[in-house]
Amino acid sequence: MYLQDLQSADPSTRLEAAKALKFLAFNADAEYKDGLVKGGFLRQLAQLMVSSTDAKFLEHAASCMYSMARENTPSKLELLKVMAHKRLVQLLTAESKQLRLNACAALYAISCAGRVHCREVAMCQPLSHISKMLEPQLGRNAQDDQMQLFAALLLVNILHVKGMVVAKAEKQELIDALQRAYDDGTEQQAREIIAMGLKRLQKMGSRSSRLKEGVRQRSASFTKTLTSLGAKSGGVSSGKLGRSIKGFGR
């Protein structure tokens, strides 16, 4: 019935359907969520989110996506397939704080599908939006605490995407913001995840520095190979040197 109501031309009917489905999905088992996915629920919801400008509907729709993606891999993958993550990243700049929070929570749940799939989220370039959500303003409340937590967890997942590069100017700001989230955190598991992100971020360099490091390591390896050959033969002939370079190139 609620899936049918989502297709209603009446905005209030669609809103109530989204609310109901959000609560039904939150504590649903995998079989129930899989049934909703197969029924086209997430595809339909993603399409409605693209065309809607109603903040209240978007809040509940994003919350639906979080409820579905929470601890359910098929939902995460379906949301990526229907490009829901692109719309969710756009909503990180919404005027409604609750909408920003729900969109961030949904993106975090989707990003937990794994590094390969998280890359699709990272490619939408949400970092600048996430960094702002890590810094609660004056008059902070429980809503701000949740936003800071989900933003920190999402950032940690994105930082672990292979090939992820953080600009040197942005790196220290993100370190400071993650450190605040770590200090403000009250859940031990969340603090441990954020600590992993801090460690990862501190080790990250710019693309140029990583390339230089790669060249340095290859050069050191080559030198070690030549030294080893020289020690064994009392010197490296031109023939041996040529074979060494050929092997190194592979």
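The values are calculated or read from the model by the stated rules, or taken from the named source; none is laboratory data. This is a predicted model, so every value here is computed, not measured. Counting neighbours? That spans all protein chains shown, and the Cβs are built from the backbone with ideal geometry, glycine included.
Do we have residue 185 as on the phi > 0 side of the Ramachandran plot and either touching a Lys or Arg at 6+ places or on another chain (Cβ under 7 Å) or surrounded by fewer than 21 Cβ atoms within 10 Å (Cβ to Cβ) (or both) here?
Judged against the criteria, residue 185 is not a match.
Condition first: surrounded by fewer than 20 Cβ atoms within 10 Å (Cβ to Cβ), hydrophobic (A, V, I, L, M, F, W, C) and closer than 15 Å to residue 200 by Cβ. Now tell me which residues in the stretch 123-165 satisfy that.
127, 161, 164, 165
Which of the residues belonging to the stretch 6-22 are free of Cβ contacts under 8 Å to residues at least 24 places away in the same chain and exposed (fewer than 14 other Cβ atoms within 10 Å of the Cβ)?
Listed by number, the residues that qualify are 8, 9, 10, 12.
Residues in the stretch 167-191 that are of a type outside the set (Asp, Glu) and touching a residue at least 40 places away in the same chain (Cβ under 8 Å): how many?
Residues that pass the stated criteria total 6.
Is there a residue in the stretch 51-71 that is out of contact with any helix residue (DSSP H, G or I) (no Cβ under 9 Å at 6 or more places or on another chain) and either buried (at least 17 other Cβ atoms within 10 Å of the Cβ) or modelled with pLDDT under 95 (or both)?
Among the residues of the stretch 51-71, at least one is out of contact with any helix residue (DSSP H, G or I) (no Cβ under 9 Å at 6 or more places or on another chain) and either buried (at least 17 other Cβ atoms within 10 Å of the Cβ) or modelled with pLDDT under 95 (or both), which makes the answer yes.
Tell me yes or no: at least one residue of the stretch 106-123 is of a type in the set (Ser, Thr, Tyr) and at pLDDT 95 or above.
yes
May I ask you to list the residues in the stretch 39-48 that are farther than 12 Å from residue 79 by Cα and in a helix (DSSP H, G or I)?
Just the residues of the stretch 39-48 that are farther than 12 Å from residue 79 by Cα, to begin with: 39, 48.
Residue satisfying the conditions is 48 alone.
If I go through the stretch 25-38 residue by residue, how many of them are part of a helix (DSSP H, G or I) and without any contact (Cβ under 8 Å) to a residue 40 or more places away in the chain?
Qualifying residue count for the region: 5.
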